[in-house]
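Data first, discussion second: the structure below is written as structure tokens.
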Amino acid sequence: MKSSASKIQRRAVNGVFLLNKPLGISSNAALQKVRWLYRAQKAGHTGALDPLASGLLPICLGEATKFSHFLLDSVKRYQTTIQLGHSTTTGDVEGEQLLKQAVPELTEDLIEAVLAQFMGDIKQVPPMYSALKKDGRPLYELARKGIEIEREARPVTISAIELLSFTADSVTLDITCSKGTYIRVLGEDIAKALGTYGHLTYLHRIKTGHFDLIPSYTIEYLESLSEQEREALLLPVYAPVDHFPKVQVPEGRSEYFSRGMESNTEHTAEAQVLVFDGEKCLGLAEVTDKKRLVPKRVLNL
């Protein structure tokens, strides 16, 4: 029986860590590892990466979780390689081979013409191997049992596709896209438009919202640091919405704001704003057309 002394003493840690997630582990496993290293009471990630995908996975600790949905909804940027010639059950190298077809002769002009078809607002059919749910069950559970159900196409936006390189049977791309985009599906669709089948062999996220990947911020790097050094790497709790306008709380209204009470404000724009008392962030508020400051996310710091 383990003694209580062996249990990790969780503590209030608040901030954002820009993890470079490795291959081979789930986003949740990476999240729990970072949470354990920080001994944080509360943590959440901001958009899952498959085990066979790597790259930027912002981890929100403590009060920063109140802003995590802004990153979930943000634009993402990836680099990916599509292997042409056959498809797989999962759309990546983890799945079993399905259909084969010869790869046509590739040229830069041909590839660029095909990529142009996927720019802008498009519709995607979500893959069976996904965490989307049907009657409360993730689709991947059904897929593993050989069950396939009809999925409705969903709108997504592809802001940019850049051709980085290609070989006789592969294409490597840099893609900027909206939330909800399945790069595996996009890879399969691009392969079909090229006249063959395909699947991903590489997927690396390099941007989430206004955050860029910091390659050195790995789990191994965190493990090598002291607790104090780890905390020095954390961005402020409001980092996910740091680009929002910042206003000072009206004089004498700090405590009222922290209780969720409205205040008058001189700020005129109807928008969401970060509210500060001096240098301390109190939370996120909405400015109404009647110049009222309405708390939406109150921080407990």
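Spin-label model, GLU220 to GLU162: label points 7 Å out along the Cα-to-beta-carbon direction sit 2.8 nm apart. In this structure, ARG259 and ASP121 have a Cβ-Cβ separation that, at R0 = 30 Å, corresponds to a calculated FRET efficiency of about 0.10. The calculated 222 nm mean residue ellipticity attributable to helices in the chain amounts to -5000 deg cm²/dmol, summing -39500 (n - 2.57) over DSSP H runs of n ≥ 4 and dividing by all residues.
Counting only protein heavy atoms and a 1.4 Å probe, tell me what percentage of the range 243-296's accessible area is made up of carbon and sulfur. Answer for the range 243-296 is 44 percent, counting heavy atoms of protein chains only.
For THR107 and HIS69, what is the calculated FRET efficiency with R₀ set at 51 Å and r taken between the beta-carbons, to the nearest 0.05? So the FRET efficiency works out to roughly 0.75. Suppose we keep just the DSSP beta bridges with both residues in the range 243-296; what percent of those would be antiparallel, to 5? That works out to approximately 80 percent antiparallel.
Within the range 159-176, name every residue whose backbone N is under 13 Å away from a label modeled 7 Å from Cα of LEU99 along the Cβ vector. No residue qualifies, since no backbone N sits under 13 Å from the label point. Each peptide in 7-13, 22-28 was scored by the mean count of other Cβ atoms within 10 Å over its residues; highest first, the order is 22-28, 7-13. By the Stokes-Einstein formula, at 0.692 mPa s and 37 °C, the range 231-301 with its Kirkwood radius over alpha-carbon pairs has D equal to 269 µm²/s. Relative to the longest principal axis of the C-alpha atoms of the chain, give the angle of the C-alpha long axis of helix 183-193, reported between 0 and 90° and rounded to the nearest 10°. Between the helix axis and the principal axis of the chain, the angle is about 30 degrees. Around the amide H of VAL125, modelled in the peptide plane, lie the amide H atoms of ARG154, all under 5 Å away and 5 or more residues distant in sequence or on another chain. Rolling a 1.4 angstrom probe over the protein heavy atoms with all chains in place gives the chain an accessible area of 52 Å² per residue.
What the Cβ-Cβ distance of ARG154 and ASP242 gives, at R0 = 22 Å and to the nearest 0.05, is a FRET efficiency of 0.15. Here the relative contact order of the chain, from alpha carbon pairs under 8 Å that lie six or more residues apart, stands at 21 percent. Among the listed pairs LYS66/LYS123; LYS21/LYS192; LYS42/LYS179; LYS7/LYS33; LYS207/LYS296, those whose Cα-Cα separation exceeds 21 Å are LYS66/LYS123; LYS21/LYS192; LYS42/LYS179; LYS207/LYS296.
With just the Cα atoms defining each centre, how far is the range 157-181 from the range 248-268? Give it in Å. Answer, in whole Å: 46.
Taking the C-alpha atoms only, the angle from helix 27-38 to the longest principal axis of the chain is near 40 degrees.
The values are calculated or read from the model by the stated rules, or taken from the named source; none is laboratory data. On a predicted model such as this, the values are computed, not experimentally measured, just so you know. All Cβ positions, even for glycine, are placed from backbone atoms using ideal geometry, and neighbour counts span all protein chains on display. These area figures cover heavy atoms from the full protein model, side chains too; ligands, DNA and RNA do not enter into them. Shrake-Rupley method; radii C 1.70, N 1.55, O 1.52, S 1.80 Å.
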